[in-house]
Amino acid sequence: MEQNTSITLGLLFAIIGCFVGLAGWISNRDKKIANDSEFKGAVNAKLDVVLGIKVEVKKIEDDLKEITKKIVVVEESTKSAHKRIDEHITSHD
């Protein structure tokens, strides 16, 4: 009987050890999943910021193109006005 008891106790402790190991593994896995989720959330937040900046840069580029067109019109108008002023000055001399 004493040998049966030893074997039974050995198996019982082995099974308990397996459950403790499994519980530890599951706990660590859950912590890792939580950390990975937190990391992915941070990456997504940064990506949203980058995409927002990209949209803002596109808008600034569009505004710059519009301003450039307006500057061209003003330069042409200035040349025309300068030419008329020169003609006016030379006709009165």
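All of the numbers you see were taken from the coordinates with simple rules; none came from a lab. All of these numbers come straight from a predicted model, not from anything done at the bench. Note that we place each Cβ from the backbone using ideal geometry, even for glycine, and neighbour counts take in every protein chain shown.
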7 Å from Cα along Cα→Cβ at both residue 53 and residue 22: what's the point-to-point distance in nm?
4.9
Nearest 10 degrees is fine. How inclined is helix 2-92 to the longest principal axis of the chain, computing both from alpha carbons?
0
Modelled label-to-label distance, residue 67 and residue 7, 7 Å Cα→beta-carbon offset: nm?
9.0
Expressed in nm², what is the orientationally averaged projection area of the convex hull enclosing the Cα positions of the chain?
8.2
Cross-link partners among aspartates and glutamates for residue 79, C-alpha distance below 17 Å, same-chain residues fewer than 8 apart left out?
87
Just from its helices, what would the mean residue ellipticity at 222 nm be for the chain, if runs of 4 or more DSSP H residues each count -39500 (n - 2.57) and the sum is divided by every residue, rounded to the nearest 500 deg cm²/dmol?
-37500 deg cm²/dmol
Pick from 17, 52, 41 the residue whose mean-square fluctuation is largest in a GNM of the chain, springs joining Cα atoms under 10 Å.
17
